[in-house]
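Some notes on the structure that comes next.
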Amino acid sequence: MNPKLSIGSWAFAFGPFASDPWPFDRILRYAAHAGYDGVEINGFAPHPTPDSHPTKASREELLADIQAHGLGISGYAPDFTAVPPDQCEQEAYLALMRSYLEFCTDLGITTIRVDTVSPPAELPPEEYEARFARLSATWRAAAELAATAKILIVWEFEPGFWLNKPSEVKRLVEAVDHPFFKVLFDTSHAYMSGVIGARHGGKKEILPGGIIEYAQLLKPHIGHFHLIDSDGTLHDEETSTHAEFGAGHLDFTAFLSAMKPVLSELSWWGIDFCFNAQVEEWGREAVPFLQARIKEAEAQ
């Protein structure tokens, strides 16, 4: 395994940083100095969006700036909050997707992140199935658009959004059934979903084999990868706490070793310190920590 490591720029814009987000250029300097190979771009202002960089020329200038720091781009995580794909009109979602795909094409980005937008909810069976069908159809149509651009859509499941049980994640990605639609496997979200059962409606779904069993369940569908530790708690009772590497419950050496065949195929691994006030310090420590775990996993 010889992945390129990126850091998500949203860690410097959300939560503790929301009132005073880091400018994107400061993040580029930080990532380069901390030993990262790239950034994963947060698609919410003040970080780069189709509105902040509306022309091909402005996007070429942005790309040149990123590359001048010796960095690449592992993916784009844009704003779909206005168009929950399980509830909105399909064309409204696709119109926004087109603008993001064009933005990614101009920047040479080959991976775009999505989520279900809607919060977890226990729904009557008929409403659940109707929303599930709308969601899968909308994402299948989006994947058709993405295929034309040769950009992979990856769905990040997490406790804070609808469809967060292991069986639901597997069912949804299989329902979309498109080669340009896969799962973003985040180690912290997987722990909270598959081990803790956080924000599961009704009976919790717990996997005895933990995140390794979860990853094996989704093995054919994993298209992108985020690493972060988990202390078994939720941030503000909404989504997974993104803990310091080595301070949580995850055995990264065991996980990387078990999932080596899948993870070795992914050229980029993202580091996700969302909502973490210590990202500046802990983000620096993450690179050597993970490099050591990769060596250990290779040795096994």
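Do we have residue 74 as open to solvent by less than 20 Å² (accessible area, probe 1.4 Å), of a type in the set (S, T, N, Q) and not in a helix (DSSP H, G or I) here? Answer is yes for this residue.
Flag set for residue 155, criterion: part of a strand (DSSP E or B), closer than 21 Å to residue 223 by Cα, among the hydrophobic types (A, V, I, L, M, F, W, C) and free of Cβ contacts under 8 Å to residues at least 60 places away in the same chain. Against the numbered list (1) free of Cβ contacts under 8 Å to residues at least 40 places away in the same chain; (2) open to solvent by 60 Å² or more (accessible area, probe 1.4 Å), residue 80 comes up short only at (2). Within the range 255-281, residues that are under 25 Å from residue 235 (Cα atoms) have Cβ atoms under 7 Å from residues that are open to solvent by 10 Å² or more (accessible area, probe 1.4 Å) and among the hydrophobic types (A, V, I, L, M, F, W, C) in these pairs: 255/211; 255/212; 273/282; 274/10; 274/14; 275/14; 276/282, counting only partners at least 6 apart in sequence or on another chain. Being at pLDDT 95 or above, open to solvent by 20 Å² or more (accessible area, probe 1.4 Å) and of a type in the set (Gly, Ala, Ser) holds for only one residue in 142, 130, 146, and it is 130.
When residue 158 is tested against the conditions (1) among the acidic types (Asp, Glu); (2) open to solvent by 40 Å² or more (accessible area, probe 1.4 Å); (3) at pLDDT 95 or above, the lone failure is (2). Here residue 235 does not qualify as in contact (Cβ under 8 Å) with a residue 12 or more places away in the chain and surrounded by 22 or more Cβ atoms within 10 Å (Cβ to Cβ).
Selection of the range 246-262 for residues being open to solvent by 20 Å² or more (accessible area, probe 1.4 Å) and part of a loop (DSSP other than H, G, I, E, B) yields 246, 247, 248, 249, 250, 251. Across the range 174-217, the qualifying residues are those that are within 28 Å of residue 97 (Cα to Cα) and of a type in the set (A, V, I, L, M), and the one among them that is surrounded by the fewest Cβ atoms within 10 Å (Cβ to Cβ) is 175.
For the range 44-70, residues that are closer than 26 Å to residue 15 by Cα, open to solvent by 10 Å² or more (accessible area, probe 1.4 Å) and of a type in the set (A, V, I, L, M) total 2.
Filtered by the rule that a residue be open to solvent by less than 60 Å² (accessible area, probe 1.4 Å) and within 20 Å of the chain's Cα centre (by Cα), the range 23-43 gives 24, 27, 28, 31, 36, 38, 39, 40, 41, 42, 43.
The values are calculated or read from the model by the stated rules, or taken from the named source; none is laboratory data. Keep in mind it's a predicted model, so treat the numbers as computed, not measured. Methodologically, a virtual Cβ is constructed for each residue, glycine included, from the backbone with ideal geometry; neighbour enumeration extends over all protein chains shown. Accessible surface is based on the protein model in full, side chains and every heavy atom, while ligands, DNA and RNA are left aside. Shrake-Rupley method; radii C 1.70, N 1.55, O 1.52, S 1.80 Å.
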